Amino acid sequence: MDDNNKRRARLRSRVRQEVQTEYESARRLMEARDDYDPVWAYFLDLLMRPMDRNGLQAAVGRPVVEHLCNQAPYELFHAMGVHPLRMASGCFAAGRLSAGDFPVLMCPMLKAIVGMQRLRESSQTAPSARVVPTTCDWVVQYQQMTDADPEQTFFMELPHLRESERGQQRWLEQAYELVRFLESRMGVKLKRKALASSVQIFMRAWQAIGRLIEQRRAGRLPAVWFMAVANSFMLDPIEPWTEQLQRVLGHVDAHPSQAAGKGVFLAGSPILFPNFKLPLLIEAAGMTVLGDDLCTSERIWPGAVCPEENSFHGLLRALAERYHMACICPTFADNERRINTILGVLQRYPVRGVVHHVLKGCHPFDIDSFRLERQLKSAGIPFLRIETDYVEEDNRNIATRLEAFAEI
Amino acid sequence: MVFKLRLIVQHLFFVLLTYGGRFGFHMGFALPCFSCPFVMGCGGSCYLLSLQGNWWGLQMALANWGTVMGLQALYYLGLFVLLTLALNKFWCGWICPFGTLQDWFTYLRRRLGIREAQLSWSARDRLKPVKYILLAYMIVVPLLIAHAGLHYDFHLPFCRSICPAKPLMPLFAGSTRHLALDFTNTVTLVFSILSVAIAGGMLVGMFFKERFFCLFCPMLVLIHLLRKISPVRFEKEVGACLGCGNCRRNCPMDIRDVHEQKTDKAVLSEDCMLCMTCTESCPADGVLSVRFFKWRLFSSSRDYVARRFIKPHKAGSVKVKV
Amino acid sequence: MASAVSSWAADLVSGDCPDVVWITCGEQSRRTDGSITQHYWLRSNSENRLQCFPDLQWEAYYRLTDGDGLEEGYSRAPLTCSGGVPHLEINCRTNARLELTLVGHCGGKHYTAQLQHALFGKASAGKHAPSERFGELPAGLRRWNLKPSRRNTYQQTGDTYHFIYHGNAGSVESVSVLEKGRRLPEDLSLARDGNLVYTPAHDPHLDRSSPYEVKETVLLAREAAEGREYLTTFTLLLHRSYSAHLKRLHGCLLFAGMAVLAAGFTVIFKRRPWYR
């Protein structure tokens, strides 16, 4: 082993330790909360799993296929007997492992993803395949960043126009392509019945999470716990996860916490465990997040899969449209309906303002935030843009701005 | 469940309008739906027959203005207007027996696992004017017969040369008469060839494409003309729509307007038949609603979508509390 | 039409009285209340001899049968003289079937002229207004009785008509048919019990015309009994056949052919995208 490799190995070892520490301290922070209940332990356990891919692989009992972003239909993977696992990570320490190889102003989530992969490279089970919908500029560079095996990686070409016939057709073709890719990789044939069954299983999860969203909007559930549940999605097989969600619903029904302070809506870039700093700071500033449009939280389950008919094509079309048209990621060119989610929550619930989270380097959300700000302010709705990354140095500054915002 | 209620209403009216006359039930000659009068013992007659008819049609009203005959022709028009105002497109989605027949074909196709034929957006748009052309055809030809000496065998032009209900619906009363070619003269032969050929094509169209004939139905145009003064409203809360596309995909008529509408509240479009399938599949609370005057008849909700699209729990699967 | 039949029957004239007298349909006029007035003319093979002479005794009886069933008995209608020809008009308010019978005699000849057809009055309400109520037709009147068709509103070519002759069938010398396009009367045979079956042939001219176009066909029975001659006519107002030219097999083949063609087109071109 030459010096270079030795140095890399040492760094990897140190970073692995830091990642471990970051995850564990984040967990301890959650467990130390006044509103902690053993019902949350299951979800906190799941949130620790990304560090231990071997354990995760054993727990889900299926081959794992990693994916980026929300547009690859979970039901397809599930129906083919594989487990979809979202690569996204909110780990600051992991990002350090890859930071030197990428631009400073690059999306920290992508840095963390690459870092986590490098940590796992030598010691843990590799995924059977990777599926990458081409959303933002960073994501499309995934192949170059990771040197992943092209044979194992499938890029779903995401049409950035959703409300055009061509866009919808192309995306449906991509869904068929994904089926073909997975069939060839996994050596199984996707059956209509299996797909219909998976749709039902995920719809049940959608139904349960809908109840949890209602509880949260009514101010009976703190945002961090909702995010903990959302972040743990697909870190366990879907059915026991949904079952645990039922327990949570029972718990929230029985022990509703009362919303403290003003209700706000949290919009913008994804927030991922263990980096829950923004929801925690919002809470500390005396506000409660009653709704969000984060792709790692409520927006994992937009729309609903309502097939026109239960033929294979009908199911696939319904899935493709649910994951394409219902998505409000600002990487889409026709995204004017994004504000509707916010306005809908604002109309129905006591939400006083919008906090917009921009991850440094997350250009789509950054750009979109200015349009959103104009629209909301013209409607008389207070708006605060918070641009940050996974570091904690700016916490004090953010807290001050949030406290000032809470005073409005 | 709205779709179950609709199924019951559709079949009730299918029986009433196809066989009602045999039991003394008749809803008159101005129904805003394809209750075919060529069915012996039918329980009501489509207004399009009255519109084209030599004794009740528009040309009679014009030619006998101010007389009892003229008023009688207008009486059918008035009755049609009243019935249309009362129920608007519910006539199409809930009552029309020919619509129900088309839904049977769709049911059969789905049971056989054959997927629906898709029309491109441009093809769908190009088909839209056809029903206006058919409406003009059925108004102009009787006028030409009455005033321009056109041969009388051109009478009832829509019923006799276009409408597929005429050959198909009498089959339910045991009559194959309207499937025959009429060799009486050239006009009757051409009309019957058109009628039978269109019915054959439509039959297949109805099998592969849900509510295929409704894409061409001139009754939709007539009903649509009265939408603004009808108490039946189909509305969208445009500011709360997430654009998921369920309404568009589930629409039997492939209507895009409901999904695409971003400014206007009224979304009862020309081709809509108020089957409420879109509202049933919209997961956003209160985004789509059907009203009668100020009363809300049905409105979209996440809970409803869950009940509608999630099958009842089976042993071994996850139980979800609603 | 009437004059055409007259000319073909002209050679039947004998003596001072006409041999053939029948009813023809004149114009229809619609009143403002929607009721319909139908004009009828009495024609003969020798119109000069059938003028409105005061010694020609004619009585007109009619009854209208609408959806409510048979009206009680016959009504009388006055015959007027119009242009020297006997004429009458009947007003009908609703959809009804008219049975019209004219009875007259001239010298030793006794005439009965009959006609049945549908009238479509569109008045909103009210009964027909007969000019005079009368009970039954005169006893012993020679007349035809046409069995009503349940299938068709209109009398049509190609349909078979069942008549019964009320009179002394054994004394009937001849039964003949006069119709447009046939130079000579067609002789029919009357059964001993008075039954007569007649199927008018299709007429290409009628087929090319409007479905409301009619051809008058006159059934004539000539009976001689007790030194009197009874001449009984029944005017059939024949429309073209509504069902004889229908070819179901041709239609079903075309229907199936189009269905197969459309199915092929759909499968090949329209069930896209054809991924699986």
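The values are calculated or read from the model by the stated rules, or taken from the named source; none is laboratory data. Remember, it's a predicted structure, so these values are computed and weren't measured experimentally. Cβ coordinates were reconstructed from backbone atoms using ideal geometry, including for glycine residues, and neighbour counts include every protein chain displayed. With ligands, DNA and RNA removed, areas are computed over all heavy atoms of the protein, side chains included. Shrake-Rupley method; radii C 1.70, N 1.55, O 1.52, S 1.80 Å.
Numbers below:
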| quantity | calculated |
| --- | --- |
| Contact order relative to length of region C:200-239, as percent, for alpha carbon pairs under 8 angstrom and 6 or more apart | 40 |
| For region B:231-309: rounded, prolate or oblate by the Cα gyration tensor [a/c cutoff 1.5] | rounded |
| Cross-link partners of A:K360 among lysines (Cα-Cα below 19 Å; sequence separation of 8 or more within a chain) | A:K111, A:K277 |
| For chain B: accessible area per residue (Å², 1.4 Å) | 39 |
| Buried area at the C-B interface (accessible, heavy atoms, 1.4 Å probe, summed, Å²) | 3300 |
| Between region A:171-223 and region A:278-334, the Cα center-to-center distance that results, in Å | 12 |
| Average partner coverage of B:277-284, which counts Cβ from other chains inside 10 Å | 4 |
| Protection proxy ranking of A:393-400, B:178-185 - average other beta-carbon atoms within 10 Å, highest first | B:178-185, A:393-400 |
| Pairs of alpha carbons in region A:3-184 whose separation is greater than 23 Å (percent) | 49 |
| Region A:57-144: GluC sites (Glu not before Pro) in DSSP coil with no more than 11 other Cβ atoms inside 10 Å | A:E121 |
| Region A:301-361 - accessible surface per residue (Å², probe 1.4 Å) | 23 |
| Cα centroid separation - region B:1-54 against region A:86-145, whole Å | 65 |
| Accessible surface of chain A [probe 1.4 Å, protein heavy atoms]: carbon and sulfur percent | 50 |
| Highest to lowest packing among B:224-236, A:270-282, scored as the average C-beta count within 10 Å | A:270-282, B:224-236 |
| With DNA, RNA and ligands ignored, accessible area of B:W91 (1.4 Å probe; Å², nearest 10) | 10 |
| Accessible surface buried once A binds B (1.4 Å probe; total of both sides; Å²) | 4000 |
| Neighbouring partner chain Cβ atoms per residue of B:145-152, average, 10 Å criterion | 1 |
| Ordering of A:186-197, B:68-79 by burial proxy (mean other Cβ atoms within 10 Å per residue, highest first) | B:68-79, A:186-197 |
| Formal net charge of residues neighbouring A:C327 (Cβ-Cβ distance under 14 Å; K, R +1; D, E -1) | -2 |
| Cross-link pairs beyond the 22 Å C-alpha cut-off, checked among B:K4/B:K311; B:K89/B:K131; B:K131/B:K166 | none |
| Span from the region C:213-232 Cα centroid across to the region A:18-83 one, whole angstrom | 106 |
| Shielding by partners - mean other protein chain Cβ count within 10 Å, residues of B:60-73 | 3 |
| Whole-percent carbon and sulfur share, accessible surface of region B:2-221, 1.4 Å | 75 |
| Relative contact order %, region A:265-408, counting alpha carbon pairs below 8 Å whose residues are six or more apart | 30 |
| Cut-off under 5 Å, modelled amide H: who pairs with A:F155 long-range | A:V132 |
| Size of the A/C contact, given as accessible area buried on both chains, probe 1.4 Å, in Å² | 600 |
| Prolate/oblate/rounded label for region A:1-58 (Cα gyration tensor, a/c 1.5) | oblate |
| Summed residue charge, Cβ within 9 Å of C:Y230's Cβ, Lys/Arg positive, Asp/Glu negative | +2 |
| Relative contact order %, region B:21-150, counting alpha carbon pairs below 8 Å whose residues are six or more apart | 22 |
| Rounded accessible area per residue of region A:135-259, 1.4 Å, Å² | 39 |
| In degrees, nearest ten, helix B:68-87 long axis to first principal axis of chain B (Cα) | 10 |
| Cα gyration tensor category, rounded, prolate or oblate, for chain A with a/c compared to 1.5 | rounded |
| Occluded residues from region C:199-235, i.e. those whose accessible area drops by 20 Å² or more once the chain is not alone (1.4 Å probe) | C:D207, C:R208, C:S210, C:P211, C:Y212 |
| Stokes-Einstein D (µm²/s) once Rh is taken as the Kirkwood radius of the protein assembly as shown over alpha-carbon pairs, at 20 °C in 1.002 mPa s | 62 |
| Helix runs (DSSP H) in chain A reaching 20 Å along axis by Cα, Kyte-Doolittle at least -0.5 | A:192-217, A:238-254 |
